[in-house]
């Protein structure tokens, strides 16, 4: 009798194990997303990470390879959800937005695989952006690093996404290193899309002979991807306005810093008439701080087929940007997870139709309510046959991009991501507005800063990392609203500003 009992238990154990595994998988679902026809599940695949910056799919090991900004490269096993350390790079210089950034994993069938890495380093007082190539073994180990390119870096604007496109060329999106001259200098390698052979040499068919430069005129690209035909797209941070999505074409000038976003001012039109410039296929004002970008070409989620998926930082959302049939226009936009998961940094699409993306809530600029105890997180979106968690739906951005223009809504749109909702700023990065001498002083002093920006990084005896852009694009009535809101909130009690104060400074 006992023997029969043991036999039955042996037969039942696999079934019991599968039930337990199923329960764990179902409990990991934190939201269901209802699309027009499909339902998606959102689950947490890895937690308590330190600012994951780029996600890559290791098809040999069925794993997600990811970089962490401080210099670690880790691997998430998709089946077991186990995270292991692959390597830690000692020469990575991490400060604020600097560190180990973009990656591209190239795994050709039956040939040597490579991992391309972009990261910042520092020697003496000089900062550099570096593009390295590592050999990547079938077991997921790194070896034989080779420096392909080293270019000037800075305390910001280092760009740094990398892809290997369908033409088996490496594309590196570099930032302008906060320089006013690099992006428009076709002989410099900053503010560019650079194109390299797999070994780091210059391709013979590059548009400029003996040059890595493929396209130029960029400020600070944070996303880079390509579709199945090799069409290349970038996401780029504007200054105070005009965040962009660009379709990259060889030998095209995308305008920065002479032109920001669309060619829509008299000055910009005059520049473009003298020298042709390429407009973005999408721009945002107020800005959304676009980061990682991925192309979704799968039919598994039919509503999203032939779309760009964009992670955003300031807007704290995942955006689905539907492309036209020829891929040259964005014809629709949907928004998911706004203000729910925090800052989103990178997004990745897998051959099976799954989507992975990660938060960036332990980085240099945490938003209100973040980081949460389990940040940072790698999430997965997967199609499912039923909704098993609280249901959310994608929204259109129209209402969000056109708020009622009160002082508060203008402040939230243009100022809060830096100076924070409470006006206290961020230590050593953004100065506080609360109880500020500038804010409470002569109205014209504050208006000059709003109109013309501020490059002096020493304020009230403290040094700050970031400069303030000009907000002269705002209408007079909007500037009056926003400055009066600042002067009467956050513990400030200054007199109000009127139109006459502003008119004399325009």
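Just so it is clear, none of the values below were taken in a lab; they were calculated from the coordinates. Since the structure is predicted, the reported quantities are computational estimates derived from the model, not experimental observations. Glycine also receives a Cβ, built like all others from the backbone with ideal geometry; neighbour counts cover every protein chain displayed.
Annotations for the structure displayed:
- Each Cα pair under 8 Å and six or more residues apart adds its sequence gap; the mean of these over the residue count of segment 176-256 is a relative contact order of 26 percent.
- Three-way shape call for segment 403-503 based on the alpha-carbon gyration tensor, with the a/c threshold at 1.5: rounded
- Segment 330-371 - Kirkwood radius from inverse mean 1/r over Cα pairs (Å): 12.1 Å
- Segment 246-328 - percent relative contact order, Cα under 8 Å, separation 6 or more: 22 percent
- Spatial separation of Cα centroids for segment 259-301 and segment 91-165, in angstrom: 27 Å
- Look at the alpha carbon pairs under 8 Å that are at least 6 residues apart: their mean separation over the length of the chain gives a relative contact order of 12 percent.
- Degrees between helix 443-452 axis and first principal axis of the chain (Cα, 0 to 90, nearest 10): 50 degrees
- Relative to the current alpha-carbon distance between residue 270 and residue 326, full extension at 0.36 nm per residue lengthens the span by 17.2 nm.
- Nearest 10 degrees, 0 to 90: helix 476-487 Cα axis against the chain principal axis: 80 degrees
- Our compactness index for the chain, the C-alpha radius of gyration over the empirical 2.2 N^0.38 Å, is 1.04.
- Protection proxy ranking of 307-313, 369-375, by the mean of other Cβ atoms within 10 Å over each peptide's residues and highest first, is 307-313, 369-375.
- Ascending count of other beta-carbon atoms within 10 Å, so fewest first, for 415, 358: 415, 358
- Modelled FRET efficiency - R0 22 Å, residue 139 with residue 47, Cβ distances, 0.05 increments: 0.30
- Projecting label points 7 angstrom from Cα along Cα→Cβ for residue 228 and residue 448 puts them 5.9 nm apart.
- You can think of it this way: the chain between residue 112 and residue 168 has 18.8 nm of extra reach, that is 0.36 nm per residue less the Cα-Cα gap.
- Compared with the dominant Cα axis of the chain, that is its longest principal axis, helix 2-27 is turned about 10°.
- Cα-Cα separations in segment 326-422 greater than 23 Å, expressed as whole percent: 43 percent
- Peptides 247-255, 387-395 ordered by packing proxy, namely the average of other Cβ atoms within 10 Å per residue, highest first: 247-255, 387-395.
- In this simple spin-label approximation, residue 424 and residue 438 carry label points 7 Å from Cα along the Cα→Cβ vector, and these lie 2.0 nm apart.
- Gyration tensor (alpha-carbon) shape descriptor, segment 268-412, a/c threshold 1.5: oblate
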